[in-house]
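A quick write-up on the structure given underneath.
The values are calculated or read from the model by the stated rules, or taken from the named source; none is laboratory data. Model, not experiment: these values are computed from the prediction. Neighbour counts are summed over all protein chains in view; Cβ atoms, including those assigned to glycine, are modelled from backbone coordinates with ideal geometry.
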Amino acid sequence: MEKSLCFKIANQKIAYESFEDELILINFDTGTYYSAGKAGSYIWSLINNNVPVASMIKKICAQYEANCDEVEKSLDVFLTELQKEGLIVSETADRGSDVEGAGEEAQTERTTEKFGFEAPILQKYTDIQELLLLDPIHGVNELGWPYKKSDTVPDSQNA
């Protein structure tokens with residue numbers, strides 16, 4: 001994977017929550033939800049802060065007791081899976097941006113003890129897909145509730 005790439009969340013219909021070392025993602029367009037343990041939560045915070053892949057590798061190696069080659073391979077697999085599921089999209093980092101310092105706010109403060117690195121695995125669940133798709137939020141236009149897809153945009157919204 002190209003190390004100058006950055007990633008961002010694919011769209012507004014993806015909700016997520018991190019709980020220590022677990023990440024939960026919900027794609028409201030498909031009704032599918034996901035879980036990623038281990039370093040997945042930390043990697044998602046880096047994605048959310050637009051950190052380039054090269055910096056992600058360095059930050060993960062600094063955060064965890066890990067072989068950097070193993071981190072790079074695991075990160076590549078994880079990012080590819082997130083893209084395949086439509087959860088993130090890639091974009092090229094700004095050449096003028098500080099690649100090394102990008103996303104410093106994503107660095108979580110932990111004790112000086114490093115944790116063992118275990119590759120994050122994206123687990124996919126579709127067991128409540130039908131319930132998530134029944135949510136009335138899917139029947140609204142770009143203005144959101146209470147405007148249905150078939151409604152015209154009110155004049156006050158056109159200004």
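Annotations for the structure displayed:
- Single match in N27, N50 (criterion: touching a residue at least 24 places away in the same chain (Cβ under 8 Å) and on the phi > 0 side of the Ramachandran plot): N50
- Within the range 81-95, if we keep just the residues that are surrounded by 13 or more Cβ atoms within 10 Å (Cβ to Cβ) and part of a helix (DSSP H, G or I), the residue that is nearest to the chain's Cα centre (by Cα) turns out to be L82.
- On inspection, V71 does not qualify as touching a residue at least 12 places away in the same chain (Cβ under 8 Å) and farther than 17 Å from F115 by Cα.
Rundown of residues vs (1) of a type outside the set (S, T, Y); (2) within 20 Å of I121 (Cβ to Cβ); (3) not in a strand (DSSP E or B), yes/no style:
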{"position": "E2", "(1), (2), (3)": "yes, no, yes"}
{"position": "K8", "(1), (2), (3)": "yes, no, no"}
{"position": "Y16", "(1), (2), (3)": "no, yes, no"}
{"position": "D29", "(1), (2), (3)": "yes, no, yes"}
{"position": "S41", "(1), (2), (3)": "no, yes, yes"}
{"position": "N50", "(1), (2), (3)": "yes, no, yes"}
{"position": "A54", "(1), (2), (3)": "yes, no, yes"}
{"position": "K73", "(1), (2), (3)": "yes, yes, yes"}
{"position": "D76", "(1), (2), (3)": "yes, yes, yes"}
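- S4 being in contact (Cβ under 8 Å) with a residue 60 or more places away in the chain and closer than 26 Å to T92 by Cβ: yes
Okay, residues lined up against (1) of a type outside the set (A, V, I, L, M, F, W, C); (2) in contact with a strand residue (DSSP E or B) (Cβ under 8 Å, 6 or more places away or on another chain):
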{"position": "I9", "(1), (2)": "no, yes"}
{"position": "K13", "(1), (2)": "yes, yes"}
{"position": "Y16", "(1), (2)": "yes, yes"}
{"position": "E20", "(1), (2)": "yes, no"}
{"position": "I24", "(1), (2)": "no, yes"}
{"position": "G40", "(1), (2)": "yes, yes"}
{"position": "S45", "(1), (2)": "yes, yes"}
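- Inside the range 105-132, residues that are exposed (fewer than 14 other Cβ atoms within 10 Å of the Cβ), modelled with pLDDT under 85 and either over 17 Å from the mean Cα position of the chain (by Cα) or among the aliphatic types (A, V, I, L, M) (or both) make up a count of 9.
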